[in-house]
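Taking it in order: structure first as structure tokens, then the write-up.
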Amino acid sequence: MSRNDTDVIALSREFAAREIADAVKDDDRYPDVPFREALYDRARGVGFLSLLLPEEFGGAGATTGALAEALAVISETDAAVAAVVLSQAFAHQVLMGAGRGDLARDGELIATTLYDDPLDLSAGIEATRKGDSYGITGDLDYVVLAPVASSFLLPVLLDGEEALFLCGKGAGLVVGEPLLTLGLRACPVADVRLEKVEGTLVAAGDAMRTAYRDAVEGLRGSVAAIHAGIIAGSLREATAYARERYQGWKQIIDHGQIRAYLGRMAASADVAGELFRAAADGRGQKDGLLASSVQLLVGEMAVESATNGVQILGGSGYMDDFGQAKRMRDAKQAQGIFGRKDLLVQDLFKRMAGL
Amino acid sequence: MDFQALRPFVTGGSEKDLFSFEQTFQGLHLFKAIDPSYYREMKALFERMRRFAREEVAPMALRVDRELQRDPENKEPVWEMARLCGREGLFSSTIPKNFGGGGLPFFVGAMLMEESCAACASAGNIVGAHYLGYLGLYGSMKMRLFEKICREIVAGEKSDRPVIMAAALTEPLSGSDNFEVELMTGARLGSEAKKVPGGYVLNGTKCFISNGSISAYHTAMMPLDRARPLETFFTFLVPTGTPGFSFGRDEHKMGQKGCPASVMIYEDCFIPDEYCLSSGDADAELTERTLDLMGLTRLHVGAIATGVARGAYERAAAFARENKARGKLLINQQWAQMILSQMLMNVMTARATYMEADYCDLLWGTGKAVPLRRGGLRIKRFVDRLMGSERAKQYTDNPENIRKLMTRMMERSGMDTSLEATFGAWAKATCSDYAMENAGLGVDLMGKAGLRQDAGMEKIFRDAKLLQIYEGTNEHCRQAVFKRHVAHKEPGIKVFGRDVT
């Protein structure tokens, strides 16, 4: 890990403690409270919104390993903020993969199709040529950061072929009401309608597919990192509660079943940490199988851990006063990043078997 | 896509609906022979409830959930849901006919719970929590008081101002402890009632009380002596507005938002003797047998959970019928078919489980009031009328008579409360685990649509989790099954680290 990477992790810890921790509960009420622009101004200021972007484009030039570490740290406090950082990193990776890092400007938020299946893109919208420019028309649902982004990186059909366009917010682009989502609520999502919107062609055909899918594969470890952070947070809160709460004559931490839950959570936290690191550094990228496997399994561990985290707190765990209910929702929501996990399983086997 | 337009996926037209009465409840066919009028009544009621759930509850469920997400303190959406249930007569359906109610035995309630909760868990929970309070009153056998409250409930429905009940047991420092005698003695109870001339004075705080802040009456359970909870755990009927009683805040829950969970505060709250629902000190055995009857309420949570599991299946199947992944309809992809099939089997297994518990209650528990023979329902209604007579009221005005009557019922009727508790705990834990599994599978199957509130599945995911917690956590239910089915039958086995009774 480079000095730069070490700095990123230290900065994440400080940022989570100073800027995020006190506002988690309020931020989770989005879209019924305003998006906290000021938080992201500060995140932009310290480079979180352009972590992977090379310095030549104004980014921090961090590695995907450092990004994943940062996301794990932030997710221990609030996975929704980590999801914003991830969505932004995803947009930048796609642009870089397409050789258009120059289109990423100074940490401005870019809306993406973070929850879309990389093998099932551009179902909703089409681009048509108008001389040297393009007009894009159609409906796209569940676009991440759409309510707050200044530009949109969207998969589009161009002459029957998959393509990627970058559009600015402007005439013809209508962002729907922010959606209330299961989890990661402070990472805004909305449906988008485009009517002859002008856009810049980023890549088309194989170049587009390669850029998009490489970005997905390269960041699967980062999704696992978000899940690892959720597990760590859930374990911490559940353990603290179990030390304080009594049932019958004993603290609940002395009940065998509670220890069994906590033991599994602790094992998951350890293994998730090792796995996301393996997936996020070079190993995961050379062999996409590992990254996919890690995203799949760490996601399942996180959902189980966060769900048991609620259970350990009983009725309290189900209430917003504690963080466990949010973690449970966040864990399930994050499982949807990059498409259905059941299709990921199918793909894993096909790739493994060379089908 | 218009997610609101998704309708439950009905296989092969309504007459072949897998969830039709005939196809769903195989065991109930026996009632055609045992008591045909009972069978006909159940079927008609079931079909009415299905129409109500699909046509009236379902269309408002997501809106109510969304409004309460925006403002958890807003009671209007809750009342809207409550009034809807009241217009359907759900708060009075088991009230004896001679008091103006529907006269249904509790046995039918579970099936109705499943129906309403397939549309919205909150709607079912409002009704279920009402009956938790009602059961405390019913079980007290104070017929004069019982009739008074029953008639108020019936009148409330007729005037579109529902009179809703609740039951308050859980406290900030003790929850599932209060369901087992081995834990009760160590429970950190903060509440206490004191006998004073003419009544009792209640002090303490209860929390997570379903229906709390919308209740007109609730049953509050607390000991007269915290050092001897087993012997002195009493139940009181507390009318809202009683001096010294107040509501704290409504909790901000993850799901089931349409049914409030409230804090209840008692500060020198005086309750007159006639509102004390207990008839004297108990002993550990009687307390345990009384707690065992919670098997009835737990099996109803099992039915609620089955409804939630079914709601997940119906929504997922409807979605899969109309949406594609990678160019093919989901419903034509084998992996998706396997998920849907698993969800459907989970529903069927859950239903079989709670129905077994329901039969157990009918045979060995509170359902003994309905004799299993031709004309059994008519006999039950005759007994209801008898219990509502002036003579019965005079008899039950005396707590000592109630005590004798209850002891006689427990000892001579052949009730097996331990079996009731075992089956109830089994149903609650099993069905709620299936509900949670189905909710997760449904979210997965629907992809990003599963993650948005307006598509409905994410609400089911949030709603389902509470089922594993309330009415005794599932871990507690497992322990309850072990205690009664294993530890009670073999010498030398300790539960909760203690010898079992």
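Values as computed for the structure displayed
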quantity: Rounded to 10°, Cα long-axis angle of helix A:256-280 versus longest principal axis of chain A; calculated: 30
quantity: Order of B:Val64, A:Val271 under a 10 Å beta carbon neighbour criterion, fewest first; calculated: A:Val271, B:Val64
quantity: Percent RCO, i.e. relative contact order, over segment B:165-281, from Cα pairs under 8 Å lying at least 6 residues apart; calculated: 30
quantity: Derived scalar couplings ³J(HN,Hα) [segment B:69-75; Karplus, 6.51 cos²θ - 1.76 cosθ + 1.60; whole Hz; x for Gly, Pro]; calculated: 5, 5, 9, x, 8, 6, 8
quantity: Residue mean of other protein chain beta carbons inside 10 Å, A:112-120; calculated: 2
quantity: C-alpha long axis of helix B:334-364 to longest principal axis of chain B, angle in °; calculated: 20
quantity: Full-stretch length increase - B:Gln23, B:Leu329 - with 0.36 nm per residue and alpha-carbon distance subtracted; calculated: 107.4 nm
quantity: On Cα atoms only, tilt of A:3-15 relative to the major axis of chain A in degrees; calculated: 60
quantity: 5 angstrom amide H check on A:Ile125, placed H, neighbours 5+ away; calculated: A:Leu157
quantity: Pairwise centroid distance, computed over Cα atoms, of segment B:304-331 with segment A:126-172, Å; calculated: 30
quantity: 5 angstrom amide H check on B:Phe234, placed H, neighbours 5+ away; calculated: B:Met222, B:Leu224
quantity: Ranked list, fewest to most other Cβ atoms within 10 Å of each Cβ, for A:His255, B:His476, B:His218, B:His29; calculated: B:His29, A:His255, B:His476, B:His218
quantity: Residue with peak Gaussian network fluctuation, chain A [Cα springs, cutoff 10 Å], from A:Glu19, A:Glu126, A:Glu56; calculated: A:Glu56
quantity: C-alpha center-to-center spacing [segment A:281-344, segment B:176-247] in angstrom; calculated: 40
quantity: Choice from A:Arg259, A:Arg327, A:Arg209 with maximal GNM fluctuation in chain A (Cα, 10 Å cutoff); calculated: A:Arg259
quantity: Amide hydrogen neighbours beyond the local backbone of A:Gln247, cut-off 5 Å, H modeled; calculated: A:Ile252
quantity: Normalised contact order of chain A, rounded percent, pairs of Cα under 8 Å and 6 or more residues apart; calculated: 17
quantity: Of all DSSP beta bridges in chain B, antiparallel share, percent nearest 5; calculated: 90
quantity: Per-residue Cβ neighbour rank within 10 angstrom, fewest leading, B:Ser215, B:Ser389, A:Ser151; calculated: B:Ser389, A:Ser151, B:Ser215
quantity: Top of A:Asp342, A:Asp141, A:Asp27 by mean-square fluctuation, Gaussian network on chain A, Cα under 10 Å; calculated: A:Asp342
quantity: Per-residue ³J(HN,Hα) for segment A:38-45, Karplus 6.51 cos²θ - 1.76 cosθ + 1.60, θ = phi - 60°, Hz, x for Gly and Pro; calculated: 4, 4, 7, 5, 6, 4, 5, x
quantity: Derived scalar couplings ³J(HN,Hα) [segment A:65-71; Karplus, 6.51 cos²θ - 1.76 cosθ + 1.60; whole Hz; x for Gly, Pro]; calculated: x, 5, 4, 4, 4, 5, 5
quantity: Entries of B:Lys194/B:Lys393; B:Lys32/B:Lys380; A:Lys350/B:Lys328; B:Lys97/B:Lys158; B:Lys368/B:Lys404 with Cα pairs more than 21 Å apart; calculated: B:Lys194/B:Lys393
quantity: Cβ charges +1 (Lys, Arg) and -1 (Asp, Glu), total dipole of the protein assembly as shown, debye; calculated: 2600
quantity: Distance from segment A:206-257 to segment A:36-110 (C-alpha centre basis), Å; calculated: 21
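Read-outs: derived from the displayed coordinates by stated rules, not from any lab. Just so we're clear, the structure is a prediction, and the values are computed from it rather than from any experiment. Positions of Cβ are backbone-derived with ideal geometry, glycine not excepted, and every protein chain shown enters the neighbour counts.
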